[in-house]
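The values are calculated or read from the model by the stated rules, or taken from the named source; none is laboratory data. If you're wondering where the values come from, they're calculated on a predicted model, not measured in any experiment. Every residue, glycine among them, receives a Cβ derived from its backbone with ideal geometry; neighbour counts consider all protein chains shown. Protein only, heavy atoms only, side chains kept; ligands, DNA and RNA dropped before computing areas. Shrake-Rupley method; radii C 1.70, N 1.55, O 1.52, S 1.80 Å.
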Amino acid sequence: MLISIVVPCFDEEEILERFHVRVTDEMARLGHEFQLVYVDDGSGDATLEILERLAAADPRARYLSFSRNFGKEAAMLAGLQHAEGDAVVIMDADLQHPPELIGRMLEEHAGGHDQVIARRTRKGDRVTRTVAARAYYWLINRLVDVELVDGVGDFRLLSRRTVDALLGLTEYNRFSKGLFSWVGFRTTTFSYENATREQGRSAWTFGKLLNYGLDGLLSFNNKPLRAALHLGLLLLSVALAYAAWIVGVAMVRGVDTPGYVTLLVVVTALAGVQMVMVGVVGEYVGRIYYEVKRRPHFLVKASNIATPQQPHPPQELVRR
Ligand code: UDP
Ligand code: MG
């Protein structure tokens, strides 16, 4: 059985060599045949040079390098496309995903599980981030169809059929947490204690996280559209009731003094609500716009893989 280990790397020059040693040592200890698929996501540092060196010294290391930064989602997709293993482990290059857990994953996989998820505890995270994450997961699980769990990330083992299923999902806006959950199959989860980053710093800024959260919300269903519709109907009925009340009062007590403040509040509030709704619709239109362009998810600049697959979706999936 061949195990592929997919590693997205973005500016990881400080830790990459250490990562490689740790993983190869662990795999040697486990005695499994394996290959490493490094994906350099348009790093600005020496990541690519290090990968070239690693690959020259170790035939089990393959790499591909993007023409620019396409994001971790694209890097994972590329890694999965180029992984030949019977099972694939996805892990970060920053050693926050302990290689010692691969053995446990393989055991669970041997026990018949297609997805083995390592769920991290939030130990060592900043309080603000923990609280934001809790609130986000509480909210999002009420809004989307698939189940998303706090602490469950991309560190997981996938069976071959799971990988093939994922590769069949060719959407441009990829939200892996949702995609993994969407494909299903036999899934199991175990927890591990969170390790803080050893070197460098997280590329996630607050803005990036916020947008990632919105992606998760919007890329899975049309519930936000439905919510906008409900809100519109609610406001319409409130407005109608208010109008009826005003007419009633005017008939009983005669015409009142004009409600200047009421008018202003209603107009601005409705304008705000309308902007939000247009924004929600706009988000979906924007997504459709990106999907119909059918651009590749990434472009490869360099690779040591003999027959690089096309970055485009498989031809049979591009129906006219
Ligand atoms: N990464 C990537 N492209 C990006 C950002 C990150 O390939 O645009 C990689 C990064 O090299 C690392 C993994 O994704 O291996 C997780 O990134 P990071 O450690 O910054 O995220 P965090 O651990 O804070 O979630
Ligand atoms: Mg990290």
Just wondering, is there one or more residues in the range 110-130 that are open to solvent by less than 30 Å² (accessible area, probe 1.4 Å), more than 17 Å from the chain's Cα centre (by Cα), at positive phi and within 14 Å of ligand 1 (Cβ to nearest atom)? no
Which pairs do you get when a residue that is aromatic (Phe, Trp, Tyr), found in the range 250-275, comes within reach of a residue that is open to solvent by 70 Å² or more (accessible area, probe 1.4 Å), reach meaning Cβ atoms under 7 angstrom, with the pair 6+ apart or on two chains? none
Which of the residues that make up the range 1-58 are within 25 Å of the chain's Cα centre (by Cα), of a type in the set (Val, Ile, Thr) and within 16 Å of ligand 1 (Cβ to nearest atom)? ILE5, VAL6, VAL7, ILE15, VAL23, VAL37, VAL39, THR47
From LEU214, LEU210, LEU264, LEU229, grab the single residue that is open to solvent by 70 Å² or more (accessible area, probe 1.4 Å) and within 16 Å of ligand 1 (Cβ to nearest atom). LEU210
Touching a helix residue (DSSP H, G or I) at 6+ places or on another chain (Cβ under 7 Å), within 22 Å of ARG287 (Cβ to Cβ), more than 16 Å from ligand 2 (Cβ to nearest atom) and among the aromatic types (Phe, Trp, Tyr) - does that describe any residue in the range 173-183? yes
Working only within the range 83-109, note down all residues that are under 21 Å from the mean Cα position of the chain (by Cα) and either more than 18 Å from MET27 (Cβ to Cβ) or without any contact (Cβ under 8 Å) to a residue 24 or more places away in the chain (or both). ASP94, GLN96
The range 13-47, subset among the charged types (D, E, K, R) and under 28 Å from THR162 (Cα atoms), residue surrounded by the most Cβ atoms within 10 Å (Cβ to Cβ): ASP40
With the requirement that a residue be in contact (Cβ under 8 Å) with a residue 60 or more places away in the chain, closer than 20 Å to GLY151 by Cβ and either of a type outside the set (Gly, Ala, Ser) or open to solvent by 30 Å² or more (accessible area, probe 1.4 Å) (or both), what does the range 165-182 give you? PHE175, PHE180
Within the range 1-22, can you find the residues that are in a strand (DSSP E or B) and more than 13 Å from ligand 2 (Cβ to nearest atom)? LEU2, ILE3, SER4, ILE5, VAL6
Hey, could you check the range 48-77 for residues that are in a loop (DSSP other than H, G, I, E, B) and within 16 Å of ligand 2 (Cβ to nearest atom) and say which is most open to solvent (accessible area, probe 1.4 Å)? ASN69
Restricted to the range 85-100 and to residues being more than 9 Å from ligand 1 (Cβ to nearest atom) and among the charged types (D, E, K, R), the residue least open to solvent (accessible area, probe 1.4 Å) is ASP86
Against the definition (more than 16 Å from ligand 2 (Cβ to nearest atom), within 23 Å of TYR172 (Cα to Cα) and in a loop (DSSP other than H, G, I, E, B)), how does ALA83 come out, yes or no? yes
